[in-house]
Amino acid sequence: MSALEQAILTWIHLIAASIWVGGSLFIGIVFSPLLKTMTDSLQERMQIMIRVGRRFNKVAVPSLIILMATGLYSSHMLLGKPELLFATSYGIFLLTKIILVIALIIIYVIHVRVIRKDIEDQIMENKMSDIQIRKLRKKIIILGEITVFLSIAILFFASLLDAGV
């Protein structure tokens, strides 16, 4: 691969990472706390968050897929030589990053399953009690925090790989 092709691939990877991680951080650090100032109703906050989550997923999921595809393509040479994965710090960092990505995908799938379509419909139609919503909200917050933590850890390992450590 030429230097220009590698630069373009890295650029696409970074844009996708910006969308995934930046959007997740924005929702958790800016938007979610702002919701508390918009309405006191937990039901209304959940309804708004569901709408935002649906819209975010339309760009976040493709970004995550692009991230994985460009990451795998960038590392396919090393992945084709398993002996190098365990013999070099680069290989160990790459394996660690792959494990973190797998963990991220699992947590994201769980997150999506927790807020499946029938649960969303119950919330949107005000058919869920405050106690149920509080329990659901707690799960969502924990899964969201884990997702952000894993995403930031993956970025750290990406920077180690880029630095050739």
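Answer with one residue from Met124, Ile110, Ile142: the one whose Cα lies farthest towards the positive end of the charge dipole of region 104-143, charges on Cβ with Lys, Arg +1 and Asp, Glu -1.
Value: Ile142.
Below 28 Å, Cα to Cα, which lysines can Lys36 reach? Residues fewer than 8 away in the same chain don't count.
Straight-distance partners of Lys36: Lys58, Lys117, Lys127, Lys135, Lys138, Lys139.
Report, to the nearest 10°, how far helix 42-79 tilts away from the longest principal axis of the Cα atoms in the chain, using its own Cα long axis and a range of 0 to 90°.
Taking Cα atoms only, the helix is inclined about 10 degrees.
Which of the following values of semi-axes √(5λ) of the Cα gyration tensor in Å was calculated from the structure shown: (1) 29, 20, 12; (2) 23, 20, 14; (3) 36, 15, 13?
The listed entry that was calculated here is (3).
Could you work out how far apart the two model spin labels at Ile105 and Glu83 are, taking each label as a point 7 Å from the Cα in the direction of the beta carbon, and quote it in nm?
Placing both labels 7 Å along Cα→Cβ, they lie 2.8 nm apart.
Using R₀ = 35 Å, calculate the FRET efficiency as 1/(1 + (r/R₀)^6) where r is the Cβ-Cβ separation of Leu14 and Asp40; round to 0.05.
0.30
Placing +1 at every Lys and Arg Cβ and -1 at every Asp and Glu Cβ, with all other atoms neutral, what dipole size does region 80-165 have around its Cα centre, in debye to the nearest 20?
That gives region 80-165 a dipole magnitude of about 260 debye.
Would you calculate the separation in nanometres between label points at Thr96 and Leu25, each defined as 7 Å from the Cα along the Cα-to-beta-carbon direction?
2.0 nm
Just how far, in whole angstrom, is region 72-135 from region 8-42 if you go by their alpha carbon centroids?
One Cα centre to the other: 16 Å.
Read-outs throughout are calculated quantities, based only on the coordinates presented, and are distinct from any laboratory measurement. On a predicted model such as this, the values are computed, not experimentally measured, just so you know. In this analysis, Cβ positions are derived from the backbone assuming ideal geometry, glycine residues included, and neighbour counts consider all displayed protein chains.
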